[in-house]
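For reference, the structure is listed below as structure tokens.
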Amino acid sequence: MFGEESFWMWLGFFALISTVLALDLGVFNKQAHRVSSKEALMWTCLWVSLAIGFAGAVWHFYGFERATEFMTGYLIEESLSVDNLFVFVLVFRHFKVEDRYQHRILFWGVLGAVIMRAIFIFAGVALIQKFHWIIYLFGAFLIYSGLKLLFEKESEEETEEVAENFAIKLVKRFFAISKNYHGQKFFTIENGKRVATPLFLVLIVIEITDLIFAVDSIPAVLAVSNDPFIIFTSNIFAIMGLRSLYFLLADIIDKFVFLKKGISFILTFVGIKMLTPEISRWITGESFSIPSPISLAVIASVLLLSVVLSLLFAPKEEKKEVAPIEEEVKV
């Protein structure tokens with residue numbers, strides 16, 4: 001599991017993440033409240049700073065190449081996670097979740113995502129190490145996903161519907177579901193029976209949504225490095241910053257009209273990067289791979305260009321009235 005990294009690097013990573021999460025839930029967000037834009041910006045800057053600082057530590061101990069791989073993996077996961085933000089907005093709107101409870105859902109949702117990502121990452125690395133040809137299947141799949149995203153119509157609603165239907169069936173197998181919210185509780189007692197609240201149902205929808213998007217993002221990060229430490233840490237830093245990024249961008253997420261085009265290019269580029277060594281071997285007889293610094297520059301440039309174009313040319317929309325929050329939820 002530890003590869004070339006020392007036990008202390010792994011320990012330092014987990015200690016850092018655990019400390020910040022403990023401060024997040026146990027101190028700054030102990031009471032349910034609406035996360036302001038200022039607070040979201042502060043947490044976003046904190047997570048980005050921690051990621052950059054961790055990249056500096058990787059550079060110091062393991063060299064520039066590994067640090068570049070970390071930042072490339074971080075940017076890939078961060079950019080692909082934007083799709084999650086679109087669906088988060090739809091889910092919270094659909095279930096009419098109050099702003100003050102959204103942070104709690106995303107906090108526990110992120111912890112669940114960390115566990116699922118860890119399983120996927122270490123399983124993926126193990127498969128590639130045992131069956132190297134799988135990396136080419138991943139590459140082809142990423143190119144297909146990128147081209148599909150480029151030409152398909154908006155699918156966030158479909159993703160949310162799939163996640164919602166599966167979540168309802170899953171939760172109902174184990175619990176009755178209350179029709180009413182009970183504050184920030186995931187479970188409550190009704191008529192002497194323990195039942196799940198709609199808030200717990202929303203949490204499961206969020207987890208399933210992340211699972212769906214991990215199908216694209218994990219192979220993409222595996223294209224950057226075969227080191228579990230680099231893949232896992234870059235992925236987790238990106239996921240951890242996703243909550244604050246949501247609260248920062250939730251009100252303007254619809255304005256990023258060019259972001260999906262950028263994401264489709266990134267997926268296609270990463271897929272090509274995966275296939276390049278084998279293709280170059282067939283054509284020239286020698287294996288060639290796209291250097292990590294070039295990959296980082298391309299991905300960062302595409303992501304930045306997509307955001308800038310979206311802000312410059314986003315269509316103006318009339319402000320829509322938000323439906324009042326209802327306590328009863330159909331399940």
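A short reminder: the numbers here are calculations on the coordinates, not readings from a lab. What you are looking at is a predicted structure, and each value in this text was computed from that prediction instead of being measured. Here the Cβ is made from the backbone with ideal geometry for all residues, glycine too, and neighbour counts use every protein chain on show.
Listing for the model above:
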| read-out | value |
| --- | --- |
| Extension reserve of the residue 261-residue 182 stretch, reckoned as 0.36 nm per residue once the Cα distance is removed | 24.4 nm |
| GNM flexibility winner over the chain from 84, 191, 165 (Cα, springs under 10 Å) | 191 |
| C-alpha long axis of helix 99-130 to longest principal axis of the chain, angle in ° | 30 |
| Inter-centroid distance (Cα atoms) of segment 220-270 relative to segment 55-91, Å | 6 |
| ³J(HN,Hα), Karplus 6.51/-1.76/1.60, whole Hz, each residue of segment 92-97, x for Gly, Pro | 5, 5, 4, 8, 6, 7 |
| Cα long-axis angle, helix 156-174 against the chain (0 to 90 degrees, to the nearest 10) | 60 |
| Spin-label zone in segment 64-81 - amide nitrogen under 17 Å from a point set 7 Å from the Cα of residue 289 along the C-beta vector | 64-74 |
| Simple spin-label estimate for residue 57 and residue 301 in nanometres, 7 Å along Cα-Cβ | 3.2 |
| Estimated inter-spin distance, residue 276 and residue 133, nm [label 7 Å along Cα→Cβ] | 2.4 |
| Taking the C-alpha atoms of segment 16-313, convex hull volume expressed per residue in Å³ | 144 |
| Rounded tilt (10° steps) of 7-23 against the dominant C-alpha axis of the chain | 30 |
| Estimated FRET transfer efficiency (residue 11, residue 211; beta-carbon r; R0 41 Å; 0.05) | 0.90 |
| Calculated on alpha-carbon atoms, Rg and Dmax of segment 222-269 in Å | 13.7, 37 |
| The chain, helix-only ellipticity at 222 nm - DSSP H runs n ≥ 4, -39,500 (n - 2.57), divided by all residues, nearest 500 | -24500 deg cm²/dmol |
| Relative contact order computed over segment 16-313 (Cα-Cα under 8 Å; 6+ residues apart), in percent | 32 |
| Spin-label pair residue 46/residue 65, simplified geometry with 7 Å Cα→Cβ offset, distance in nm | 3.6 |
| Net +/- balance of residues flanking residue 266 in space, Cβ distance below 11 Å, scoring K and R +1, D and E -1 | 0 |
| Three semi-axes of the equivalent ellipsoid, segment 1-151, Cα gyration tensor, whole Å, largest first | 30, 24, 15 |
| Other-chain or far-sequence residues with amide H under 5 Å of residue 190's (modelled H) | 195 |
